[in-house]
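Colleague: The structure under discussion is supplied below as structure tokens; questions concerning it will follow.
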Amino acid sequence: MKNFKNKVAAITGAASGMGRTLALQLAAKGCHLALSDVNEAGLAETGAMAGKLGVKVTTHKLNVSDREAMNAWADQVVLDHGKVNLIFNNAGVALGALIESVKPADFEWIMDINFWGVVWGTQAFLPHLKKSGEGHIINTSSLFGLLALPTQGCYNASKFAVRGFTEALRQELDIDKCGVSATCVHPGGIRTNIARDAKMDPAMNAKTGGDAEKARERFDKLLNTTTAESAARQIIRAVEGNKRRALVGPDAKFLDLVVRLFGSWYQPMTTLFAKKGMMG
């Protein structure tokens with residue numbers, strides 16, 4: 001997809017962060033937008049900002065973990081815009097927890113949003129993308145879909161799952177030759193609210209010197225290397241180049257190389273890094 005003018009893009013998690021910057025940059029290219037989020041106030045702000053750029057914008061409050069709601073939204077997007085060409089399955093949340101003690105409800109919460117939200121979005125929009133004759137699915141994994149870290153096992157599970165799902169999807173679409181493609185996005189540290197809004201399991205206190213909030217602050221600093229605006233530009237370029245995956249930010253590129261070079265031996269290195277970070 002070399003030209004976004006008069007295309008229609010659906011974006012989840014559009015109330016802030018990468019979702020908002022993707023919306024604004026696509027609108028500047030003449031792409032019409034269907035935006036969704038659970039945060040109605042932030043979503044309205046994004047919609048108003050994008051609407052000033054001269055494109056049609058619709059907004060919809062949506063919980064991406066609700067399969068029926070996702071299906072209904074996909075149908076509504078086509079009714080409102082006449083077609084849809086791109087779906088950015090961008091909504092995501094974070095959770096700091098130890099695998100031994102994580103609450104089942106918290107594990108289900110992160111998988112429902114980060115993984116099943118991507119699955120439901122892909123399945124809901126794919127038939128419409130095929131009908132458009134030119135479509136693209138962009139699924140957001142993470143740097144943590146390339147390597148794992150202690151206390152991030154649940155987040156790792158969700159993002160590794162997105163990676164495997166999207167890589168298999170891309171191969172199926174290549175075989176199908178239906179005019180639709182897919183890209184898996186692996187952002188590194190992006191300056192958004194995801195770390196500040198992350199859930200922290202109370203059991204983390206035992207591993208963080210008694211203060212899980214300090215662990216949140218350290219995690220926030222880790223995720224603070226690339227602006228959301230720069231990340232959106234890199235993702236859009238990956239779509240234009242029909243890339244199979246997009247490594248977003250220097251940290252994602254560097255750590256991907258580390259994993260490729262060292263294989264499973266990256267784990268002792270990240271263990272030392274995480275131990276130092278947790279204990280101060």
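Where a number appears in this text, it was derived from the coordinates with a stated rule and is not lab data. Keep in mind that this is a model prediction, so the values were computed, not measured. Backbone-built Cβ (ideal geometry, glycine too); neighbour counts: all protein chains shown.
Colleague: How big is the dipole moment of region 1-130 about its Cα centre under a simple scheme where the beta carbon of each Lys and Arg is +1, that of each Asp and Glu is -1, and everything else is neutral? Debye, nearest 20, please.
Modeller: 880 debye
Colleague: For 261, 129, what's the fewest-to-most ordering of other Cβ within 10 Å of each Cβ?
Modeller: Listed from fewest to most nearby Cβ atoms, that is 261, 129.
Colleague: Then there's this: Roughly what angle does helix 17-28 make with the longest principal axis of the chain, taking Cα atoms, 0 to 90 degrees, to the nearest 10?
Modeller: Helix 17-28 and the main axis of the chain meet at about 30 degrees.
Colleague: Using just the helices of the chain, give the 222 nm mean residue ellipticity in deg cm²/dmol: DSSP H runs with n ≥ 4 each add -39,500 (n - 2.57), and the total is spread over all residues, rounded to 500.
Modeller: Value at 222 nm, helices only, nearest 500: -16000 deg cm²/dmol.
Colleague: Next question, about the same structure. Provide, for q = 0.10 Å⁻¹, the log10 of I(q)/I(0) from a solvent-free Debye sum over equal Cα point scatterers in the chain.
Modeller: With one equal scatterer per Cα and no solvent, log10 I(q)/I(0) is -0.50.
Colleague: Each label point is 7 Å from the Cα along the Cα-to-Cβ direction; what then is the distance between the points at residue 176 and residue 227, in nm?
Modeller: In this crude label model, residue 176 to residue 227 measures out at 3.7 nm.
Colleague: Pop a pseudo-label 7 angstrom from the Cα along the beta-carbon direction at both residue 134 and residue 273 and give the gap in nm to one decimal.
Modeller: Each label point lies 7 Å from its Cα, and together they span 4.0 nm.
Colleague: When 107, 273 are ordered from fewest to most other Cβ atoms inside 10 Å of their Cβ, what list results?
Modeller: 273, 107
Colleague: Could I ask something else about it? Give the relative contact order (percent, whole number) for region 1-144; include only Cα pairs under 8 Å separated by 6+ residues.
Modeller: It comes to 26 percent, rounded to a whole number.
Colleague: Same structure, new question: Measure up 2/83; 52/199; 7/61; 130/243; 131/253 against 25 Å on the Cα-Cα distance and list the ones that go over.
Modeller: Cα-Cα > 25 Å for 52/199; 131/253; rest within.
Colleague: Using only alpha carbon pairs under 8 Å that are at least six residues apart, calculate the relative contact order of region 64-126 and give it in whole percent.
Modeller: After rounding, I find 58 percent.
Colleague: Then there is this: Give me the distance between the Cα centres of region 250-265 and region 26-62, rounded to whole Å.
Modeller: 36 Å
Colleague: What number, in percent, do you get for the relative contact order of region 8-279 if the mean sequence gap of Cα pairs under 8 Å and at least 6 apart is divided by its residue count?
Modeller: Value for region 8-279: 18 percent.
Colleague: Ok, one more. Apply the Debye scattering formula to region 14-127, with a single equal point scatterer on each alpha-carbon and no solvent, then give log10 I(q)/I(0) at q = 0.15, 0.16 Å⁻¹.
Modeller: One equal scatterer on each Cα of region 14-127 leads to -0.65, -0.73.
Colleague: Which one of 51, 97, 36 is farthest out on the positive end of the charge dipole of region 28-105, using unit charges on Cβ (Lys, Arg +1; Asp, Glu -1) and the Cα centre as origin?
Modeller: So the residue furthest toward the plus end is 51.
Colleague: Once the Cα atoms of helix 153-176 and of the chain are each reduced to a long axis, what angle between those two axes, in degrees from 0 to 90 to the nearest 10, is obtained?
Modeller: 30 degrees
Colleague: Same structure, new question: Apply the Debye scattering formula to region 118-191, with a single equal point scatterer on each alpha-carbon and no solvent, then give log10 I(q)/I(0) at q = 0.19, 0.28 Å⁻¹.
Modeller: Scattering profile of region 118-191, log10 relative to I(0): -0.76, -1.24.
Colleague: Quick one: 120, 265, 109, fewest Cβ neighbours within 10 Å first, how do they rank?
Modeller: The fewest-first ordering by Cβ neighbours comes to 265, 109, 120.
Colleague: Moving on to the next point. Separation between the residue 237 and residue 76 pseudo-spin-labels, each 7 Å from Cα along Cα→Cβ, expressed in nm?
Modeller: 3.6 nm
Colleague: Provide the net charge surrounding residue 141, with neighbours chosen by a C-beta distance below 9 Å and charges set as Lys +1, Arg +1, Asp -1, Glu -1.
Modeller: +3
Colleague: Related question: What is the magnitude of the charge dipole of region 8-279 about its Cα centre, with +1 placed on the Cβ of each Lys and Arg, -1 on the Cβ of each Asp and Glu, and no other charges, expressed in debye to the nearest 20?
Modeller: 780 debye
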